[in-house]
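The values are calculated or read from the model by the stated rules, or taken from the named source; none is laboratory data. The structure displayed is predicted, hence computed values, not measured ones. We place every Cβ from the backbone using ideal geometry, glycine too, and count neighbours over all the protein chains shown.
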Amino acid sequence: GSSREHAPWALEDYGFRVVIAPSFADIFYNNCFKNGMLPIKLPEPQVDDLFSRASQYPNYELTADLEQCTLSDQYGFSTTLEVDSTRRHCLLNGLDDIGQTLEHEDKITAYEANAAG
């Protein structure tokens, strides 16, 4: 994967909201979250199985359910996803780093008021 922030942008421009692979470069993995995309790490045999299913079934679809932390298809594949709770919260609520900070605006304002005086 590319280390530039443009790599997740390019995938998102094509409509991808989820990327599945056995591994990711750390910077690409983190940039996915920063750009509202869910990177899913699965063992290579599972990724190979998903490719086989995609070839076998016309119009194959996977569903990544971030609320339930599952990845599944209509043919019996299902696995639990491990997603950091803060990143999960941000993805579910459409928050970037600034939006996440603004969730604590009242606490920041109170701290600034106390620190000033």
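Among the listed residues Pro43, Pro22, Pro39, identify the single one that is at pLDDT 90 or above and over 15 Å from the mean Cα position of the chain (by Cα).
Working: Pro22 fails: over 15 Å from the mean Cα position of the chain (by Cα); Pro39 fails: over 15 Å from the mean Cα position of the chain (by Cα).
Going through Pro43, Pro22, Pro39 in turn, just one is at pLDDT 90 or above and over 15 Å from the mean Cα position of the chain (by Cα): Pro43.
Which members of segment 12-40 meet the condition of being in contact with a helix residue (DSSP H, G or I) (Cβ under 8 Å, 6 or more places away or on another chain) and of a type outside the set (A, V, I, L, M, F, W, C)?
Of all residues in segment 12-40, those in contact with a helix residue (DSSP H, G or I) (Cβ under 8 Å, 6 or more places away or on another chain) come to 19-22, 24, 28, 31-39.
Scanning segment 12-40 gives Pro22, Asn31, Lys34, Asn35, Gly36, Pro39.
In segment 93-114, what residues are polar (S, T, N, Q) and closer than 23 Å to Asn31 by Cβ?
Residues satisfying the conditions are Asn93, Gln100, Thr101.
Do we find that Asp48 is under 14 Å from Leu91 (Cα atoms), among the charged types (D, E, K, R) and free of Cβ contacts under 8 Å to residues at least 40 places away in the same chain in this structure?
Numbers: under 14 Å from Leu91 (Cα atoms): no; among the charged types (D, E, K, R): yes; free of Cβ contacts under 8 Å to residues at least 40 places away in the same chain: yes.
For Asp48, the condition - under 14 Å from Leu91 (Cα atoms), among the charged types (D, E, K, R) and free of Cβ contacts under 8 Å to residues at least 40 places away in the same chain - is not met.
Could you list, in sequence order, the residues of segment 70-116 that are among the aromatic types (Phe, Trp, Tyr) and free of Cβ contacts under 8 Å to residues at least 24 places away in the same chain? Write out each step before concluding.
Going residue by residue through segment 70-116, those that are among the aromatic types (Phe, Trp, Tyr) are 75, 77, 111.
Passing the criteria: Tyr75, Tyr111.
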